[in-house]
Amino acid sequence: MTAFSTGTVPAAGSMATGSHEAPASVPAATRTMSLAGALNDGLRRSLARDDKVLLLGEDIGKLGGVFRITDKLQEEFGPRRVIDAPLAEAGIIGTAVGLAIRGYRPVCEIQFDGFIYPGFDQIVAQVAKLHYRTRGAVTMPITIRVPFGGGIGAVEHHSESPEAYFAHTAGLRVVSCSNPQDAHTMIQQAIASDDPVLFFEPKRRYWQKGEVNTELGADALPIGEARVLQPGSDVTLVAYGPLVRTALDVAAAAADDGVAIEVIDLRSLAPVDFTTVESSVRKTGRLVITHEAAQSGGMGAEIAASITERCFDWLEAAPARVTGFDTPYPPAALEEAFLPDLDRILDAVDRVLGRRNSLTGWEARA
Amino acid sequence: MSTTHEGTRTHEAHDDIPVHLSQLEDVVQLISPTGERLSSPGFDPWVDDVSTEQLADLYEDMVVVRRIDTEATALQRQGELGLWPPLHGQEAAQIGSARTLRPDDFVFSSYRENGVAYCRGVTFTDLMRVWRGTAAAGWNPYEVGMATPAVIIGAQTLHATGYALGASFDGTDSVALAYFGDGATSQGDVNEAMVFAASFQAPVVFFCSNNQWAISEPVGLQSKRHLSDRAPGFGIPSMRVDGNDVLAVMAATRIALDRARSGGGPTFIEAVTYRMGPHTTSDDPTRYRPTGELDEWRAKDPISRVAALLESRGAMSDELRSRVEGKADAVARDLRAGCLSIPQPDPMSVFDDVYAEPHSGLERQKGQYAAYLASFENGHGDGAEGGGAS
């Protein structure tokens, strides 16, 4: 399969027999779904389409996962397809590696972002490298689902954004969905990919609802491509996952002030679709990047550097980053201070526009 | 606390007995170090069918893989290999287990199981690639039923467990066999593998080659008890066998494979052996190995005891000796030729096989590096006009 090169979700095949499945001949159907519900339906379709697809994770069976993303899937597909794993992340990932070598297509759920580190070695030293190590003989079609990010008032280890570790690792693909439609298509594309995919789900947006065309098929945007969500000529604002919603709010607020922001949902963090970002910045001359993860060595650093290399002569201002601080993720009572929000992003928009902002103060040049 | 497999010898671990882990105590032994065939009722039936002729074949295998080891070490000393991890002393553990496997079984090993790779049919050229530094791994796992070796200690035990689980899902009776050392038993991965294998009753065999040393650390640093004592706590039956005894290893592996094939789940084998050489050609065991230990284990050599047993059966003929020596010589020649025939990889191949599907970021770097290399051909390298590529 070539999900990353073509973006296609394989058409529902003859194995799709559940009553929830629309026959392949029925025209596109649009339904209102939460992001969580869209993931659940995408997983269901992947399970129905290919009997090599297995789900493996903690509490994903009867409970349906702590966020209910796998709700009722074990009931429907049985405990051999939707497997409750012992509480060991290295065990989950390492077992998935063996299953993949055997020809299976495992989908692992890491219960919370901060729990992924015990599985880190298996991800970066095995999952990422086995295709290279075996000179292409072994593929690792493993999807690792990670609910990530903060804003839910949780305790330590439940609100982190570890995506940069994985974007830094050759051999992995890293994506993040921001809305129900993308959740639905991207999870199926990730599972269909012959490369390993780290799939970051914005947990504070799980219950956000939206229209989902469940039969997009080959019309879906390829998973490796960014999407321009809103055109604008003054500033390019790049976000992914949970902050895409915030970025759209920023654009609306800026529009009231006469500033046209082009919002890009990055979607793929490895590889980054620099072509889309580059063409936007050549138009706007200004770039703001926002993410919840800490700033140093983060996605914003990579995007700022790469876009500066590619677009130096087009830039009117230095790219600005609005990110979580270089601190551990703070206790819930402090997360509002930590998380980029509308006002902090607008402040950076002012900075790249050369307007007065929190760094220049009232003596700004414009 | 004891092993539970019906019909096999079990051993008790006593809290009040200090365990001298480097000693061959509490082990199943079918051939003594001096070559006597010993009896062990639980194990004998599993090797009754091994004829004197077949024993001679096992002898040949062990001599050949020792010769592979000697030749590869020489190649390293001559600068043809960057590194080599010798298996000297562990021939019986590797041959006795690997020769019991079927082609449809799957091996997951560390980097020291080069004798196992020989049994699985890995070519000499492929065996040398990693150590010559031209490839991250040597062979296609599916062609030989053996994964490329894991360098991260113990990581492969989880892969074996997952593979075994998949094999059982597929309705086959194929078994995954995971090789690892005494040091690996301290790793979380190995312990998690035993948890998963027990929970799912995966058809996997955990084969621990306890060679007494993890580089400079003695096995006593990894465990205060026999390594085989751990498995029953996971609900996995275990056996502790003389790893320098090819028949005992073979019997134990057959028992474990039979359990796995018939739905009995995982088994743990501790093969008590000894690393007679260094950890790798970069190591210096004289800095940490007690005086006399090597001589003590030389007396328990896995090859000489089979030679003595064959001798006692009147089977160690001149014909056999010359056949085995001839084979070992031929293998050494092929190994050397295979090693020297490996070409230097093309610089651009550094980008190959990172991903299975196209990757825009890597394609860009590849294009830029190609342009950079091409710039030398265009005069960049001798100071002629031409900008630096980045």
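The values are calculated or read from the model by the stated rules, or taken from the named source; none is laboratory data. As the structure is a prediction and not an experimental result, all values here were calculated from the model. Here Cβ is always computed from backbone atoms with ideal geometry, including for glycine, and neighbour counts include all displayed protein chains. Heads up: the accessible areas ignore ligands, DNA and RNA and are worked out on the full protein's heavy atoms, side chains in. Shrake-Rupley method; radii C 1.70, N 1.55, O 1.52, S 1.80 Å.
Can you pull the accessible area of B:Arg67 for me, 1.4 Å probe, Å² to the nearest 10? For B:Arg67, the solvent-accessible surface is approximately 80 Å².
Rg/Rh for the stretch A:227-360 (Cα atoms only, Rh after Kirkwood) is 0.94. Extension gain, B:Arg261 to B:Asp48, is 74.7 nm, computed as 0.36 nm per intervening residue step minus the present C-alpha separation.
Extension gain, B:Ala299 to B:Arg225: 0.36 nm times the residue separation minus the Cα-Cα distance gives 24.2 nm. Of all lysines in the structure, those lying under 27 Å Cα to Cα from B:Lys366, and not within fewer than 8 positions of it along the same chain, are A:Lys129. Pairing chains B and A buries close to 3700 square angstrom of accessible surface in total, based on protein heavy atoms and a 1.4 angstrom probe. Backbone geometry of the stretch A:290-295 corresponds, through the Karplus equation with coefficients 6.51, -1.76 and 1.60 at θ = phi - 60°, to 3J(HN,Hα) couplings of 10, 7, 6, 4, 4, 6 Hz, x marking Gly and Pro.
For chain A, what is the percent of antiparallel DSSP beta bridges, rounded to the nearest 5?
25
Full extension of the chain segment joining A:Glu336 with A:Lys209 gains 43.4 nm, where the gain is 0.36 nm per residue of separation less the Cα-Cα distance. In this view, the solvent-accessible surface of B:His88, computed with a 1.4 Å probe and all protein chains in place, comes to about 60 Å².
Every helix of 4 or more DSSP H residues in chain A counts as -39500 (n - 2.57), and over all residues that averages to -9000 deg cm²/dmol at 222 nm.
For B:Val151 and B:Glu311, what is the calculated FRET efficiency with R₀ set at 41 Å and r taken between the beta-carbons, to the nearest 0.05? Walk me through the intermediate numbers first.
Numbers: r = 40 Å, r/R0 = 0.98.
FRET efficiency, B:Val151 to B:Glu311: 0.55.
For the stretch B:169-230, run through the trypsin sites (Lys or Arg not before Pro) and keep only the ones in DSSP coil with at most 11 other Cβ atoms within 10 Å of their Cβ. List each step's numbers first, then the result.
Values: sites: B:Lys224, B:Arg225, B:Arg230; in loops: B:Lys224, B:Arg225.
Answer in residue order: B:Lys224.
Placing a pseudo-label 7 Å from each Cα along the Cα-to-Cβ vector at A:Arg282 and A:Arg80 gives an inter-label distance of 5.4 nm. Accessible area per residue (1.4 Å probe, heavy atoms of protein chains only) ranks A:Lys129, A:Lys203, A:Lys283 as A:Lys283, A:Lys129, A:Lys203, with the largest value leading.
Quick one: order B:Leu127, B:Leu373 from most to least accessible surface, probe 1.4 Å.
Details: B:Leu127 5, B:Leu373 55 Å².
The ranking, largest first, comes out as B:Leu373, B:Leu127.
For the protein assembly as shown, what is the percent of antiparallel DSSP beta bridges, rounded to the nearest 5? Counting only bridges with both partners in the protein assembly as shown, antiparallel ones make up about 20 percent. Over all Cα atoms in the stretch B:44-340, the spread is summed up by Rg and Dmax: 18.2, 53 Å.
Report the FRET efficiency, 1/(1 + (r/R0)^6), for B:Arg287 and A:Asp249, where r is their Cβ-Cβ distance and R0 is 60 Å, rounded to 0.05.
Values: r = 65 Å, r/R0 = 1.08.
Calculated value: 0.40.
Between B:Ser186 and A:Leu359, the FRET efficiency from the beta-carbon distance, with R0 = 51 Å, is close to 0.50.
Could you state, as a whole-number percent, how many of the C-alpha pairs of chain A are farther apart than 25 Å? In whole percent, the long-distance tail amounts to 53.
Backbone amide hydrogens, once placed in the peptide plane, bring A:Arg321 within less than 5 Å of A:Ile289, excluding anything fewer than 5 places away on its chain. Annotation for A:Thr308 and B:Thr134: the two label points, set 7 Å from Cα along the Cα-Cβ direction, are 4.3 nm apart.
Of the three principal axes defined by the Cα atoms of the stretch B:26-93, the extents in descending order read 49, 29, 20 Å.
Spacing of the modelled spin labels on A:Ala218 and A:Lys62, each 7 Å from Cα toward Cβ, amounts to 4.5 nm.
In loop segments of the stretch A:149-213 as defined by DSSP, the GluC sites (Glu not before Pro) with at most 14 further C-beta atoms inside 10 Å of their C-beta are A:Glu156.
Backbone amide hydrogens, once placed in the peptide plane, bring A:Glu201 within less than 5 Å of A:Val146, A:Phe148, excluding anything fewer than 5 places away on its chain.
Over the protein assembly as shown, what percent of the accessible surface lies on carbon and sulfur atoms, probe 1.4 Å? About 51 percent, which is the carbon plus sulfur part of the accessible surface.
Note on the stretch A:108-234: Cα-Cα pairs beyond 21 Å make up 45% of the total pair count.
Could you list the residues of the stretch B:330-370 with an amide nitrogen less than 18 Å from a label point located 7 Å from the Cα of B:Glu377 in the Cα-to-C-beta direction? Output list for this probe position: B:345-351, B:366-370. Only the Cβ atoms of Lys and Arg (+1) and of Asp and Glu (-1) were treated as charged; on that basis the dipole of chain B about its Cα centre amounts to roughly 220 debye.
Using the alpha-carbon positions of the protein assembly as shown, Rg (one decimal) and Dmax (whole number) come out as 29.7, 103 Å. Shown in residue order for the stretch B:134-143 are the 3J(HN,Hα) couplings computed by the Karplus curve 6.51 cos²θ - 1.76 cosθ + 1.60 at θ = phi - 60°: 9, 8, 6, 7, x, 9, 7, x, 6, 6 Hz (x for Gly and Pro).
Provide A:Phe67, A:Phe166 ordered by accessible surface of protein heavy atoms (probe 1.4 Å), highest first. Don't skip to the end; give the middle numbers.
Details: A:Phe67 35, A:Phe166 0 Å².
Listed by decreasing accessible area, they come as A:Phe67, A:Phe166.
Which residues does the label zone of B:Ala74 cover in the stretch B:309-345, counting backbone N under 17 Å from a point 7 Å along Cα→Cβ? Those under the cut-off are B:324-341. A:Glu309 contributes about 150 Å² of solvent-accessible surface, heavy atoms of the protein only, 1.4 Å probe. Residues in the stretch A:353-359 carry Karplus couplings, in order, of 8, x, 8, 4, 7, 5, 7 Hz; the curve used is 6.51 cos²θ - 1.76 cosθ + 1.60 with θ = phi - 60°, and Gly or Pro positions show x. According to the Cα-based calculation, Rg over Rh for the stretch B:186-262 is 0.97, with Rh computed by the Kirkwood formula. The residue list A:Val235, A:Leu346, A:Gly298 was ranked by how far each Cα lies along the charge dipole of the stretch A:227-360 toward its positive end, using unit charges on Cβ atoms, and A:Val235 comes out on top.
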